[in-house]
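Participant: Before I ask anything, here is the structure I am working with.
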Amino acid sequence: MESHGAGLHRVFLLAFCVAGIWCAYIYQGVLQETVSTKRFGPDKKRFEHLAFLNLAQNLVCLIWSFIMIKIWSNGKRDGAPWWTFWSAGVTNTIGPAMGIEALKYISYPGQVLAKSSKMIPVMLMGTLVYGIRYTFPEYVCTLLVAGGVSMFALSKPSSKSISKLAHPNPGLGYGLCFLNLAFDGFTNATQDSITARYPKTTAWDIMLGMNLWGTIYNVIFMFGWPQASGYEAVKFCQQHPEVAWDILLYCLCGAVGQNFIFLTISRFGSLTNTTITTTRKFVSIVVSSVLSGNPMSTKQWGSVIMVFSGLAYQIYLKWRKLQRMQKKKKSM
């Protein structure tokens with residue numbers, strides 16, 4: 001009975017994590033698309049200063065992580081010092097800014113698909129720089145994802161989707177997304193290096209360090225000189241309170257979503273988290289298409305299915321590898 005109760009508790013906890021990640025990030029995606037495409041007020045102006053969302057997100061997550069550390073660690077910090085995150089903070093500031101700027105040039109579903117192809121630059125760098133050899137199934141996953149993204153990028157979007165974009169330019173939009181992925185790769189590698197040097201570093205320590213430097217860099221970028229775009233962004237929010245409210249909700253969704261991701265990884269492992277976040281991206285595209293008025297052609301839906309088939313196959317390969325490793329440990 002105890003075993004049954006424990007198993008039921010894990011099922012409910014997993015369902016809670018799935019619901020938390022999906023609700024937080026799907027709604028954040030809706031808000032992101034709204035802020036980047038909607039015309040606000042009687043003057044029908046667009047909010048052009050999308051990098052301001054990253055500054056707001058950094059600030060909210062910085063405060064959130066500081067509070068969490070105070071609550072859960074009683075103020076004691078044995079992890080990596082805050083200054084060690086300065087270099088990862090640079091790429092973590094530039095990368096997401098490029099990703100969100102891409103929404104001026106391509107649709108939200110296109111951006112989600114492009115950012116889902118993280119394995120492509122990772123495998124390219126691994127092959128060309130480090131001489132890593134990958135298995136045939138891993139190449140199949142990459143070809144499915146690369147082919148799907150390419151098909152989607154080359155297919156003609158609907159006139160309604162184009163009309164919602166500030167400056168339609170697929171080449172620039174997808175280029176910004178892939179630069180975002182490249183910077184994310186450096187960020188992740190640097191974070192791994194820091195946690196290896198400081199094993200007691202918690203997720204909250206990483207969140208605090210990354211968002212502290214992100215806040216510093218974004219404040220300099222957006223308010224460092226009299227004509228900086230941050231002043232225009234604040235002025236726009238004052239004139240159009242609706243966009244300020246959307247930005248606040250966007251930031252809170254990100255902070256809440258990170259909590260659920262940390263909980264999922266700590267209780268169920270990174271593979272489960274990858275599965276949840278991957279399926280969330282697919283649902284985000286469906287929600288965008290249905291609710292936000294981004295109609296997609298049959299060819300584009302085929303591209304979406306290709307990409308997520310490749311991602312699903314990659315998750316399955318990781319699961320098999322994990323199973324083999326666990327069997328090997330038990331036999332030793």
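The values are calculated or read from the model by the stated rules, or taken from the named source; none is laboratory data. These numbers come from a predicted model, not from an experiment. Here the Cβ positions follow ideal geometry from the backbone for every residue, glycine too, while neighbour counts run over all protein chains shown. Heavy atoms of the whole protein, side chains included, go into the accessibility calculation; ligands, DNA and RNA do not. Shrake-Rupley method; radii C 1.70, N 1.55, O 1.52, S 1.80 Å.
Participant: Give me the residue from segment 38-78 that is assigned to a helix (DSSP H, G or I) and more than 19 Å from the chain's Cα centre (by Cα) and, out of that set, modelled with the lowest pLDDT. Working first, answer last.
Facilitator: Residues of segment 38-78 that are assigned to a helix (DSSP H, G or I), as a first pass: 51-72.
Checking which are more than 19 Å from the chain's Cα centre (by Cα) leaves us with 63, 66-72.
On the way: I63: 93, F66: 88, I67: 87, M68: 83, I69: 83, K70: 82, I71: 80, W72: 74.
Per the stated criteria, the residue is W72.
Participant: Now for a different question. Look through segment 284-307, keep the residues that are of a type outside the set (G, A, S) and touching a Lys or Arg at 6+ places or on another chain (Cβ under 8 Å), and return whichever of them is modelled with the lowest pLDDT.
Facilitator: Step one: list which residues in segment 284-307 are of a type outside the set (G, A, S), which gives 285-287, 290-291, 294-296, 298-301, 304-307.
The next check asks that each one be touching a Lys or Arg at 6+ places or on another chain (Cβ under 8 Å); those that pass are 294-295.
Numbers: N294: 67, P295: 72.
Restricting to residues being of a type outside the set (G, A, S) and touching a Lys or Arg at 6+ places or on another chain (Cβ under 8 Å), the top hit is N294.
Participant: Identify all residues within segment 295-313 that are open to solvent by less than 50 Å² (accessible area, probe 1.4 Å) and either touching an Asp or Glu at 6+ places or on another chain (Cβ under 8 Å) or hydrophobic (A, V, I, L, M, F, W, C) (or both); write none if there are none.
Facilitator: M296, V304, V307, F308, L311
Participant: Please go through (1) under 30 Å from G89 (Cβ atoms); (2) surrounded by fewer than 16 Cβ atoms within 10 Å (Cβ to Cβ); (3) of a type in the set (V, I, T) for T135 and return the number of the only condition it doesn't satisfy.
Facilitator: Every listed condition holds for T135 apart from (1).
Participant: For the structure I just gave you, tell me whether T190 is touching a helix residue (DSSP H, G or I) at 6+ places or on another chain (Cβ under 8 Å), under 13 Å from F85 (Cα atoms), assigned to a helix (DSSP H, G or I) and modelled with pLDDT of 90 or more. Steps first, please.
Facilitator: Numbers: touching a helix residue (DSSP H, G or I) at 6+ places or on another chain (Cβ under 8 Å): yes; under 13 Å from F85 (Cα atoms): yes; assigned to a helix (DSSP H, G or I): yes; modelled with pLDDT of 90 or more: no.
So T190 fails the test.
Participant: For the list (1) part of a helix (DSSP H, G or I); (2) open to solvent by less than 60 Å² (accessible area, probe 1.4 Å), I need the number of the one condition that T201 fails.
Facilitator: (1)
Participant: Looking only at segment 172-197, filter to residues that are small (G, A, S) and touching a residue at least 40 places away in the same chain (Cβ under 8 Å); which one of those is most open to solvent (accessible area, probe 1.4 Å)? Write out each step before concluding.
Facilitator: Of all residues in segment 172-197, those small (G, A, S) come to 173, 175, 182, 185, 189, 193, 196.
Now drop any that are not touching a residue at least 40 places away in the same chain (Cβ under 8 Å), which leaves 173, 182, 185.
On the way: G173: 0, A182: 56, G185: 31 Å².
Taking the candidates together, the pick is A182.
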